[in-house]
Amino acid sequence: PIFQIRLLGGTLISYEHAQSIHLDFAALLPLSFLLVFIILWLMFRRLSAVLIPLLIVLFTLLATFGLMGWLGLPITPVAIAIPPLLLTIGVADSVHILSRFYSYDRSEGDCLDAIVYSVQRTGVAIFLTSLTTIAGFMAFLSADIKPIADFGFLVGFGVTVALVLSLVLVPAILLLSKPKVLRAQIRDKVINYMLGITRLSLLHSNKVLFIALIMIGLSIPGISQLQFSHNTLEWFPEDEPVRSNTYWADEMFNGTIPFEIIVDTGIKNGLYSPIVMNKLEEFQNYAESLDAENASMGRATSVVNILKRIHSVLYQENPKTILPNDSKLLAQELLLFESSGADDVSELIDSDFSKARITVRLSWLDAIDYLPIRDQLLIAAKQQFDGYAQVSGTGSVDLISRTLVNIIKSMGSSYVIAAIAIAVMLILLLRSLSLGLISLVPNFLPIIISLGIMGYLNIPLDMFTVLLGGIALGLAVDDTVHFIDSYRYQRRVLGLSVEASVKQTVISIGPALLFTTIAIASGFLVFIVSDMQVVVTFGILLASTIISALLFDLLLTPALVKTIDHVGFASTKVV
């Protein structure tokens, strides 16, 4: 009772992260299901129309989590985004089929005709959107960070399962249940509002495109201000004990995070050399005196500290004065150290006396701040031991620093791969270069704007927000593909005008686009109940990006197709 005990350290931080993740899983998944249930009920006002999409999602989640279990993949911080993603994607596929099914005029045919019609009019678009979504998430396989690569693979697998179930199971259930036609007034109101937006786009297409260019121009300075970050401690609330205790220990002891430097002489008994030992001591003194801008440098320790104590006891000298200056004396004292049975023998030197370990303690920092310190220490160590030993870095600081570098690389590569893959697939699947490129514009614009806002608000790119662009592109492109596919059918197959094609597109798929977007955004807005601030920020950013993507589909896509149609790029007949 007379002592104050504080718990901290990497092991405890990892444990607390794992606990937070499991708590988020337990809270977010039921809440996501509840929100989607409410949204589907508002759209269809029928229990069967609500339960069918949720059944598809349930089977999809079971298949994906089952695969995780069979492959031994853990639930990582990034993996908490998988349930709402698959929930919304599975619901979106089913909703498009159900929306067409319930809007079919039964006076012209029976239930089977309605099913065939709904699959004919939505099946290709669902297939296209699933392929582009899979391509977007599979791009994460190029990431050097395993949780991000696993995330992309699992979501891609789940989207595939949802596609198959939607095209196979939904029609089967509809045929067996034979539900009646739905007449919901809310559908007409939704269509009227969406028609108003598209009408504005068509009437002022040049102004709309000009405003879009201005928004891109305003976003670029914000994007240039984006900072990368990887500070897992800041993910916790400020009053979380492990966070406050770590900062307290940093202040009291000048460092809790180890940077390990391995000095390898490459020679058996190479540590018997007094020159190597003196270089170890000189480097430790350099590390402790290093003037780092953001970090407090703590103690640097190695076998040198032990040898000084042994030497002082044997020869009654001050332990801070000298090291043994004779190789035989060094060998005797190292042998005495090894023979003592001390636990730290294997932690400081290897059994061949060829390798030594230097531990430099630093205060907890953002990973971006560790990079220059790590590089400075490694450069100094390599210069210090040049010609005598090989030097390599490891430990928490090295791991955190390399993680940040790999996150930066992963973001760049995954974004480029996703963009190229989706662009190529859209061009091939829509069988039109112009329509394929048009489909990309309304999807990249909200991502560019979101990244610009992040830069202006000083929201960093971390392990969560770095996924924003890839996820948003994979999801937002779905609405655009449905819109473009329907427009292409109205314009090229039925021969309607641009204005009439856009109008019929909104009438036929507008409500489904709106409600699937609301479902997706709601699935990520539930992240606000998380205890980790980084998860809350990620959920809000992704939800707002998805909502803005639909707005750009309605406001920007009509202006684009009208402009391209007028210059003759989109008039080619397609079989």
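The values are calculated or read from the model by the stated rules, or taken from the named source; none is laboratory data. Note that this is a predicted model, so its numbers are computed, not measured. Please note: Cβ atoms are built from the backbone with ideal geometry, for glycine as well, and neighbour counts cover all protein chains shown. Only protein heavy atoms, including side chains, enter the accessible area calculation; ligands, DNA and RNA are left aside. Shrake-Rupley method; radii C 1.70, N 1.55, O 1.52, S 1.80 Å.
Points to keep in mind about this one:
- Projecting the Cα atoms of 307, 248, 557 onto the charge dipole of the chain (Cβ charges, centred on the Cα centre) puts 557 farthest toward the positive pole.
- Rounded percent of accessible protein surface that carbon and sulfur make up, the stretch 1-72, 1.4 Å probe: 74 percent
- Most tightly packed first, judged by the mean number of other beta-carbon atoms within 10 Å of their residues, the peptides 285-293, 1-9 read 285-293, 1-9.
- Of 194, 252, the order by accessible heavy-atom surface (1.4 Å probe, DNA, RNA and ligands excluded), from most exposed downward, is 252, 194.
- Packing-based ranking, highest mean first, of 39-45, 327-333 given that Cβ atoms within 10 Å are counted: 39-45, 327-333
- Heavy-atom surface analysis with a 1.4 Å probe gives the stretch 442-550 a carbon and sulfur content of 66 percent of its accessible area.
- Between 0 and 90°, nearest 10: helix 241-253 axis offset from the chain longest Cα axis: 30 degrees
- Folded to 0 to 90 degrees: helix 146-177 orientation relative to the chain principal axis, Cα: 30 degrees
- Short-range pairs are left out: with C-alpha atoms under 8 Å and at least six residues apart, the relative contact order of the stretch 474-568 is 28 percent.
- Using R0 = 35 Å, the C-beta based FRET efficiency linking residue 325 and residue 379 works out to 0.80.
- Probe 1.4 Å, all protein chains present, accessible-area order of 491, 402, 100, largest first: 402, 491, 100
- Over the chain, accessible surface divided per residue gives 44 Å², non-protein components excluded, 1.4 Å probe.
- Summarising the strand pairing of the chain, around 95 percent of its internal DSSP beta bridges are antiparallel.
- Over the chain, Cα pairs under 8 Å with separation of 6+ residues give a relative contact order of 23 percent.
- Think of the chain as having a plus end and a minus end, set by charges on the Cβ of Lys, Arg, Asp and Glu; of 419, 131, 405, 131 sits farthest toward the positive end of this dipole.
- Label-to-label distance for residue 551 and residue 244 is 4.0 nm, based on points extended 7 Å past Cα in the beta-carbon direction.
- Measuring against 19 Å, Cα to Cα, the residue pairs 308/328; 328/382; 178/503; 308/382 contain 328/382; 178/503; 308/382 as the ones spanning a longer distance.
- Reducing the stretch 270-297 and the stretch 461-539 to their Cα centroids gives an inter-centroid distance of 56 Å.
- 222 nm mean residue ellipticity, helices alone, for the chain (DSSP H n ≥ 4; -39,500 (n - 2.57); rounded to 500): -24000 deg cm²/dmol
- Split the accessible area of the stretch 231-289 by element, probe 1.4 Å, and carbon with sulfur accounts for 51%.
- (1) 106, 50, 43; (2) 86, 86, 58; (3) 83, 68, 42, with the label sought being that of the calculated Cα extents along the principal axes in Å: (1)
- A Förster radius of 60 Å combined with the Cβ-Cβ distance from residue 38 to residue 260 puts the calculated FRET efficiency at roughly 0.70.
- Based on Cα contacts under 8 Å between residues 6+ apart, the stretch 413-563 shows a relative contact order of 29 percent.
- J(HN,Hα) series, the stretch 368-385, from Karplus relation 6.51 cos²θ - 1.76 cosθ + 1.60, nearest Hz, glycine and proline x: 5, 7, 6, 4, x, 5, 4, 5, 5, 5, 5, 4, 5, 5, 5, 5, 5, 9
- Nearby aspartates and glutamates by direct alpha-carbon distance to residue 146 (threshold 18 angstrom, same-chain neighbours under 8 apart not counted): 398, 462
- Overall form of the stretch 167-323 per C-alpha gyration tensor (a/c, 1.5; a/b vs b/c): prolate
- Acute angle (nearest 10 degrees) that the helix 303-315 long axis makes with the longest principal axis of the chain, alpha-carbon atoms: 20 degrees
- Size of charge dipole - the chain - debye, nearest 20, with Cβ of Lys, Arg +1 and Asp, Glu -1, no other charges: 2840 debye
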